Amino acid sequence: MQKQIAEARNSAAAPNARPGDGTPMSAADTMHAAGEQALRAGKREAAIDAFLAETAEHAAAGKLDAALDAALRALAVDPGSARIHLEHAELCRLAAENAAADERLGELANRPG
């Protein structure tokens, strides 16, 4: 499954779209689909790996809400997994830092003078 995830990433990064093919899937969408497929096949670890890869894709793109959602999908597969909890905690920390930074920037923008 790791090989399939790597192949899916590479195909999403360099799509061979032709006119009329529609919008190509992003790497994150590809990882999500791979996770769902692995779940249907009963491959829990492969599903977790794919959902965590989706998490990383979203986080790298600055889409922390989507990254948190993907981490929660992985957590739903194995609620006791320390590696998933750690990934989720790190994303929560990043999201909180971003929220605090946004709040501070808003305060600065509204200061008189």
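Each value in this text was obtained by applying a stated rule to the coordinates, not by laboratory testing. Here the structure is a predicted model, which means the values were calculated and not measured. So basically every Cβ, Gly included, is an ideal-geometry build from the backbone, and we count neighbours across all protein chains shown.
Scanning for something surrounded by 14 or more Cβ atoms within 10 Å (Cβ to Cβ), over 12 Å from the mean Cα position of the chain (by Cα) and in contact (Cβ under 8 Å) with a residue 24 or more places away in the chain, does region 61-77 turn up at least one residue? Looking for residues that are surrounded by 14 or more Cβ atoms within 10 Å (Cβ to Cβ), over 12 Å from the mean Cα position of the chain (by Cα) and in contact (Cβ under 8 Å) with a residue 24 or more places away in the chain, one finds at least one in region 61-77, hence yes.
Checking region 49-57 against the condition returns no match, with no residue being among the hydroxyl-bearing types (Ser, Thr, Tyr) and more than 10 Å from the chain's Cα centre (by Cα).
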